[in-house]
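Enquirer: Have a look at this one before I ask anything.
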Amino acid sequence: MQDRYYDLVSERVRRNMERQSPSWGGAARPDAVPLNYGFPYPESYPLEDLIEACATALREDGSEALRYGGGPLAGEFDAMVADRCNERGLQVDDENIIVTNGSAQAITVVCDLLIDPDDVVLVEAPTYMGALREFENFCADVRGVDMDDDGILTEELERILADGVRPKFLYTMPNFHNPAGCTMSMQRRRRLLELAEEYNFLLVEDDAYGELRYDGEDLPALRALDETDRVFHLGSMSKILAPGFRLGWIIGPPSLMEQGDRLKVDGGTGPFVRAMIGAYLREIDLDERIIRIREGYRRRRDAALRALREYMPEGCSWSEPEGGYFLWLTLPESVDVTVLMEDIAEAGANPLAGNIFFPDDRGRNNLRLSFSYPDEAELERGIRAIARVTAGQME
Ligand SMILES: Cc1ncc(COP(=O)(O)O)c(C=O)c1O
């Protein structure tokens, strides 16, 4: 954005713009397989049911559906979300849940509530780039804690804390991590809660993918294990229904949630959309829907893993996620993906470069592949293209 207003843009925004460089893969070719999108696959959208729900919302709530605040059906949606969360042990009552414009806005509410400039925020390294950018927008001092296949390394976290680092909060994705694909073990969940209590910081648990498990057993959410009311839990309709509705929520300590609600200056979260989805959820069985779409994701994940095994050159490794949308590919140290993104796009795939998921300069030999959107044949074509370019570079 080297235009005539550049000098007027704040330093904070300039830093954010630097994160959006072409190494994202954002400038890639439109005919390349979209392994970058964290989107549901298009056939998963229940279009006919939603047309019906839209008409029901208008018929039933009439003009109230269209005012600030909405009508009864919007309230029904909120109540259904709270009930579902309580079924998962998330300790919800009327006072401690806020419905937000996607879980992205839930992250903003947390930042608004908690971050003063230069506050330390700990994240898993790697972490969700949207959250990372938002923490940086709020001028936090963001530091990464390493992970392995069982999630955040609590021993490493303990060392950081014992060295005197005092975070305001730690942001984590215990289930089906974006981008790493891993799930935090039960032992680490408990240890993380203990450390949060011992060193008195808050936890922000982002569970955008929590209901999309394809193998193994569900583990309890951090908030369900939390006895000291220090976990904010973030949820979303985006991955189990559709991101275009922009519906998410945040559950947290009641005293802070009251203030969070006051800080959220947006005229209320989509009252009409809430009414429409309230009408939709009344008519369908959401659990059944989730079981059905999981099948579509499981097939895609398996196709992607098959292609990786078949085509990737020796010396490369990848996560084997039990759920969610993402595979995390590790290439040999000698490969720098940031200079390969154009070649990969040219060869026919649009993954994301790993470095954008780190608060520091790591991730240059990683790629994030999202398997949620392309079909199985496209996944094979895209992964084959990545393998071809990687092998060429390794030679
Ligand atoms: C981990 C994580 N959190 C939050 C979001 C934001 O999702 P939404 O605002 O659509 O709920 C995403 C989107 O991809 C995500 O991957």
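Enquirer: Does the range 337-347 contain at least one residue that is β-branched (Val, Ile, Thr) and assigned to a loop (DSSP other than H, G, I, E, B)?
Expert: The answer is no; no qualifying residue exists.
Enquirer: Something else: Being assigned to a loop (DSSP other than H, G, I, E, B) and more than 9 Å from the ligand (Cβ to nearest atom) is the filter; apply it to the range 229-241 and report the residue that is farthest from the chain's Cα centre (by Cα).
Expert: It comes out as 229.
Enquirer: Looking at the range 261-282 only, could you name the residues that are within 16 Å of the ligand (Cβ to nearest atom) and either touching a Gly at 6+ places or on another chain (Cβ under 7 Å) or small (Gly, Ala, Ser) (or both)?
Expert: Within the range 261-282, 270, 274 meet the criteria.
Enquirer: Can you name every residue in the range 62-79 that is farther than 8 Å from residue 275 by Cα and not in a helix (DSSP H, G or I)?
Expert: The answer is 67, 68, 69.
Enquirer: Taking the range 213-228 as the region of interest, how many residues are under 19 Å from the mean Cα position of the chain (by Cα) and surrounded by fewer than 23 Cβ atoms within 10 Å (Cβ to Cβ)?
Expert: Of the residues in the range 213-228, 5 are under 19 Å from the mean Cα position of the chain (by Cα) and surrounded by fewer than 23 Cβ atoms within 10 Å (Cβ to Cβ).
Enquirer: Condition (residue is part of a loop (DSSP other than H, G, I, E, B), at pLDDT 95 or above and at positive phi) applied to the range 168-181: is it met by at least one residue?
Expert: Taking every residue of the range 168-181 in turn, at least one turns out to be part of a loop (DSSP other than H, G, I, E, B), at pLDDT 95 or above and at positive phi.
Enquirer: Looking at residue 285 and the list (1) more than 21 Å from residue 71 (Cβ to Cβ); (2) within 16 Å of the ligand (Cβ to nearest atom), which single condition is not satisfied?
Expert: Residue 285 satisfies every listed condition except (2).
Enquirer: Hey, another quick one. Taking the condition of being more than 16 Å from the ligand (Cβ to nearest atom), closer than 30 Å to residue 162 by Cα and either among the basic types (Lys, Arg) or in a loop (DSSP other than H, G, I, E, B) (or both), how many residues in the range 201-223 meet it?
Expert: Total meeting the criteria: 3.
Enquirer: Moving on. Could you check residue 100 against (1) surrounded by fewer than 23 Cβ atoms within 10 Å (Cβ to Cβ); (2) under 22 Å from residue 76 (Cα atoms); (3) β-branched (Val, Ile, Thr) and say which number it fails?
Expert: Going through (1) surrounded by fewer than 23 Cβ atoms within 10 Å (Cβ to Cβ); (2) under 22 Å from residue 76 (Cα atoms); (3) β-branched (Val, Ile, Thr) one by one, residue 100 breaks only (1).
Enquirer: Can you tell me which of (1) among the polar types (S, T, N, Q); (2) within 16 Å of the ligand (Cβ to nearest atom); (3) crowded, with 19+ Cβ neighbours inside 10 Å is the one residue 137 doesn't meet?
Expert: Checking residue 137 against (1) among the polar types (S, T, N, Q); (2) within 16 Å of the ligand (Cβ to nearest atom); (3) crowded, with 19+ Cβ neighbours inside 10 Å, the one that fails is (3).
Enquirer: Given the criteria touching a helix residue (DSSP H, G or I) at 6+ places or on another chain (Cβ under 8 Å), at positive phi, in contact (Cβ under 8 Å) with a residue 12 or more places away in the chain and not charged (D, E, K, R), does residue 354 qualify?
Expert: So residue 354 fails the test.
Enquirer: Moving on. With the structure loaded, tell me whether residue 107 is without any contact (Cβ under 8 Å) to a residue 60 or more places away in the chain and aliphatic (A, V, I, L, M) or whether it fails that test.
Expert: Taking the combined requirement at face value, the residue does not satisfy it.
Enquirer: Could you say which residue among 158, 124 is farther than 27 Å from residue 214 by Cβ and either within 13 Å of the ligand (Cβ to nearest atom) or assigned to a helix (DSSP H, G or I) (or both)?
Expert: On inspection, the qualifying residue turns out to be 158.
The values are calculated or read from the model by the stated rules, or taken from the named source; none is laboratory data. Just so you know, these numbers come straight off a predicted model, no measurement behind them. Neighbour counts are summed over all protein chains in view; Cβ atoms, including those assigned to glycine, are modelled from backbone coordinates with ideal geometry.
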